[in-house]
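See structure below.
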């Protein structure tokens, strides 16, 4: 693996739970992707006037260890495969001082036109450089609880209505959310969802009840894994609406699915599967669900809901 990024977890990137917010793992990882493009000889891939760039189509993330404010971090990467116009890269976010993995990301990246986002073949020179970076991914980067089926094809507001999915978020793609080409930056795939998931009161009722009653928050939702599927990259000025549901639960984890759609056309923008758990805010350990609460959770699961 090659080193693609070094830095730290800034205090302003950490959330109310006292650790690095999930959005910023992806923000730092995307800097690593840009560095990877330079390694491939695509030095101007993310600069004005670029003739080719890398665009994410699917991302899997595993969160393996908490990152607290100020922690020194490094990101290393390897290419695990490629075809005519795309590659798969695995990134490892490392606790640099502890030599311990904080998170892993598996990204399918298209070699694409910066303006149209349409994929096109690698040049012979870039293919040759890709081949020098091929390697095996670390075992810990393999998804553990995420679904492995192909993404569903019927994501839309109309289908969300039919399934009774709850609206948990609604907003805009702001100018500061966009990249150099006007498209939403990848970090907001997670950021828009994580900023709204507290509204999914059937997914983490313990957290919702604390906010409803004003009780002290002793547990909170923690994301363990996520699968992100891009369907259409929105641009600055466009809106989005998030429709979500609980896809399943067991004693240890809950599977949430979020469909993010255009509020006007109802068409899919991106979808996300999240595997979450209860984090005990005192012990900083995951807390299992009590049997009665689990039965109630499972009763709320939406049959057939998938990413």
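Starting from the Cα of residue 96, step 7 Å along the direction of its Cβ; do the same at residue 176; then give the gap between the two resulting points in nm.
Reported label-point gap for residue 96 and residue 176 is 2.6 nm.
Highest mean first, what order results for 218-228, 157-167, 68-78 on Cβ atoms within 10 Å? Can you show the working numbers first?
Details: 218-228: 20.8, 157-167: 15.5, 68-78: 18.0.
Highest mean packing first, the order is 218-228, 68-78, 157-167.
Hey, any idea what the orientation-averaged projected area of the convex hull of segment 145-307's Cα atoms comes to, in nm²?
Details: hull surface 40.8 nm².
So the Cα hull casts an average projection of 10.2 nm².
Residues of segment 270-288 with amide nitrogen under 13 Å from the 7 Å Cα-to-Cβ point of residue 68?
282-285
When only Cα pairs under 8 Å and 6 or more residues apart are kept, what is the percent relative contact order across the chain? Write out the running numbers ahead of the final one.
Working: 664 pairs, mean separation 52.0, N = 307.
In percent, rounded to a whole number, it is 17.
Taking a quarter of the surface of the convex hull around the Cα atoms of the chain, what do you get in nm²? Intermediate values should be presented prior to the final figure.
Details: hull surface 63.7 nm².
Taking a quarter of the hull surface, the average projection is 15.9 nm².
What is the projected area of the convex hull of the Cα atoms of segment 1-142, averaged over all directions, in nm²? Numbers along the way, then the final one.
Values: hull surface 34.4 nm².
Averaged projected area of segment 1-142's Cα convex hull equals 8.6 nm².
When you take every Cα atom in segment 9-83, what is the radius of gyration, and what is Dmax, the widest Cα pair distance, in Å?
Reported Rg and Dmax, both Å: 14.7, 42.
Across segment 88-194, how large is the tail of the calculated P(r) beyond 18 Å, expressed as a percent of all Cα pairs?
Counting every Cα pair in segment 88-194, those more than 18 Å apart make up 72 percent.
Suppose R0 equals 35 Å. What FRET efficiency, 1/(1 + (r/R0)^6) with r the Cβ-Cβ distance, do residue 10 and residue 251 give to the nearest 0.05?
Working: r = 35 Å, r/R0 = 1.01.
Here the calculated transfer efficiency is 0.50.
Go ahead and estimate [θ] at 222 nm for the chain from helices alone: -39,500 (n - 2.57) per DSSP H run with n ≥ 4, summed, over the residue count, rounded to 500. Could the numbers behind the result be given before it?
Values: 6 runs with 60 residues, N = 307.
So the helix-based figure for the chain works out to -5500 deg cm²/dmol.
Can you tell me, using C-alpha contacts under 8 Å and at least 6 residues apart, the relative contact order of segment 1-142 as a whole percent?
On the way: 279 pairs, mean separation 37.9, N = 142.
RCO, segment 1-142: 27 percent.
With labels modelled as points extended 7 Å from the Cα through the Cβ direction, what inter-label distance (nm, one decimal) is found for residue 217 paired with residue 199?
Calculated label separation equals 1.7 nm.
Which of 300, 148 has the fewest other C-beta atoms within 10 Å, and how do the rest follow up to the most? Intermediate results must be reported in sequence, preceding the final value.
On the way: 300 13, 148 7.
Ascending number of Cβ neighbours within 10 Å: 148, 300.
Find the Rg to Rh ratio for segment 129-168, where Rh is the Kirkwood radius over alpha-carbon pairs and Rg uses the same atoms. Working shown, then result.
Working: Rg = 18.0 Å, Rh = 14.3 Å.
Over the Cα atoms of segment 129-168, Rg/Rh equals 1.25.
Counting alpha carbon pairs within less than 8 Å and at least 6 residues apart, what relative contact order, in whole percent, applies to segment 145-307? Write down the numbers at each step before the final one.
Values: 327 pairs, mean separation 45.5, N = 163.
Once divided by the residue count of segment 145-307, the mean separation gives 28 percent.
Read the figures in this text as sums done on the coordinates, not as results from a lab. From a predicted model like this one, the values you see are computed outputs, not experimental measurements. Backbone-built Cβ (ideal geometry, glycine too); neighbour counts: all protein chains shown.
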